[in-house]
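S.K.: Mind looking over this structure? Questions follow.
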Amino acid sequence: MAYEAQPPDYETTSLAIIFIHGTGGDREDWRHQLDGLAKAATCVALELPGHGASEPPGENSVSSFARWVVDFVEALGLHKVMLVGCSLGSAIVQWIALERPAWLKAIGLVGAGARLRVLPLFLEGLKNDADLALRTLGQYCLSPGAPESLLMTMGEKYLKTSAELIYNDLSACNEFDVMTRIREIAFPTWILVGEDDRLTPVKYAQYLHREIPGSFLTVAPQAGHLAMLEKPEEFNTSLTEFLSRSGLLDG
Ligand code: COA
């Protein structure tokens, strides 16, 4: 699996935040976090199998992706880890949190839901007219007020990605459902959602917040599903505040 760590020469015993992208994503989805949070913690953006520079094939279930992530963290020998995932990544994080590995200290759920049913517009669309479905996905990932340059970047990125890979990612989301188990999560939990998120509406984040005791919820104004790209300052400030309040920055 390919990844980027900032700073590159990190201590395995200090806090590491592992960022896990969503459908069709890669490490660039976390560029502002790799650049902006590396002083607070070791920041690692991994690329799931089949994504970015990681070797194909991908997977088509959250549990299979989760096994890769657990093996990845253990191969790096990290002892104190916060997993932060967006969308499909958030499903992977919830799955691992329910398994409670000893190295996991906190989780972050971004553009998340305990169930992630997918619109037929995407699943059927990818089979019938992949270009249209991929273009639409690019638009749905961002808020209506997103800068034109970001809309173009995301649109081009999805169009360059294999429709089969995206279909498998979305199928993994569509099958994911831990609605009745989510209250078993016993880790400090940070939740962030864009107020204009069309793929995982604010209601999904509010459900997570209600069910996970002591969780910390931020609704980012004028942001869509990929809030880490659209509102990086607000995103990084909220995450740093969570780390500080949870005592994860000390020692
Ligand atoms: N958290 C809290 N509530 C949820 C939820 C979640 N993760 N997922 C679904 N629900 C709610 C729905 O809002 C709905 O509530 P309502 O009856 O009060 O309206 C109810 O549970 C049933 O929802 P669901 O099983 O999703 O079926 P649906 O037929 O209502 O909707 C979709 C199906 C696909 C239209 C809908 O899930 C959707 O709009 N999804 C977002 C778009 C998308 O494709 N996202 C991609 C996710 S990666």
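The values are calculated or read from the model by the stated rules, or taken from the named source; none is laboratory data. Bear in mind the structure is a predicted one, so any value in this text is a computation, not a measurement. Methodologically, a virtual Cβ is constructed for each residue, glycine included, from the backbone with ideal geometry; neighbour enumeration extends over all protein chains shown. Ligands, DNA and RNA are stripped out before the accessible areas are found, and what is left, the full protein with its side chains, is counted by its heavy atoms. Shrake-Rupley method; radii C 1.70, N 1.55, O 1.52, S 1.80 Å.
S.K.: Please report, ordered by residue number, the helices (runs of 4 or more DSSP H) entirely within the range 156-251 with at least 2 residues that are over 15 Å from the mean Cα position of the chain (by Cα), surrounded by fewer than 18 Cβ atoms within 10 Å (Cβ to Cβ) and among the charged types (D, E, K, R).
M.R.: Correct list: 163-175, 202-211, 232-245.
S.K.: In addition: Of all residues being polar (S, T, N, Q) and either within 15 Å of the chain's Cα centre (by Cα) or open to solvent by 50 Å² or more (accessible area, probe 1.4 Å) (or both) in the range 13-31, which is farthest from the ligand (Cβ to nearest atom)? Just the residue, please.
M.R.: Thr13
S.K.: Shifting gears a bit: Report, by residue number, each residue of the range 113-127 that is more than 8 Å from the ligand (Cβ to nearest atom) and either in a loop (DSSP other than H, G, I, E, B) or free of Cβ contacts under 8 Å to residues at least 24 places away in the same chain (or both).
M.R.: Answer for the range 113-127, where residues must be more than 8 Å from the ligand (Cβ to nearest atom) and either in a loop (DSSP other than H, G, I, E, B) or free of Cβ contacts under 8 Å to residues at least 24 places away in the same chain (or both): Glu124, Gly125.
S.K.: Moving on. Could you tell me whether the range 147-155 includes any residue that is away from the ligand (no atom under 14 Å from the Cβ), of a type in the set (A, V, I, L, M) and under 16 Å from His21 (Cα atoms)?
M.R.: Yes.
S.K.: Can you tell me how many residues within the range 154-200 are closer than 30 Å to Gly247 by Cα, touching a helix residue (DSSP H, G or I) at 6+ places or on another chain (Cβ under 6 Å) and among the small types (Gly, Ala, Ser)?
M.R.: Result for the range 154-200: 1.
S.K.: Looking at the range 10-110, what helices (runs of 4 or more DSSP H) fall wholly within it and have at least 2 residues that are among the small types (Gly, Ala, Ser) and under 24 Å from Gly194 (Cα atoms)?
M.R.: Values: elements: 31-36, 62-76, 88-99.
So the answer is 88-99.
S.K.: Now for a different question. Could you list, in sequence order, all residues of the range 135-152 that are of a type in the set (A, V, I, L, M, F, W, C), out of contact with any His (no Cβ under 8 Å at 6 or more places or on another chain) and either outside any helix (DSSP H, G or I) or touching a residue at least 60 places away in the same chain (Cβ under 8 Å) (or both)?
M.R.: Those that are of a type in the set (A, V, I, L, M, F, W, C), out of contact with any His (no Cβ under 8 Å at 6 or more places or on another chain) and either outside any helix (DSSP H, G or I) or touching a residue at least 60 places away in the same chain (Cβ under 8 Å) (or both): Leu137, Ala146, Leu150.
S.K.: Still on this structure, please answer the following. Scan the range 67-89 and report the pairs whose first residue is over 13 Å from Ala172 (Cβ atoms) and free of Cβ contacts under 8 Å to residues at least 60 places away in the same chain and whose second residue is of a type outside the set (S, T, N, Q) and part of a loop (DSSP other than H, G, I, E, B), with Cβ atoms within less than 7 Å and a gap of 6+ or a chain change.
M.R.: Note: pairs meeting the criteria are Val70/Pro101; Val73/Trp103.
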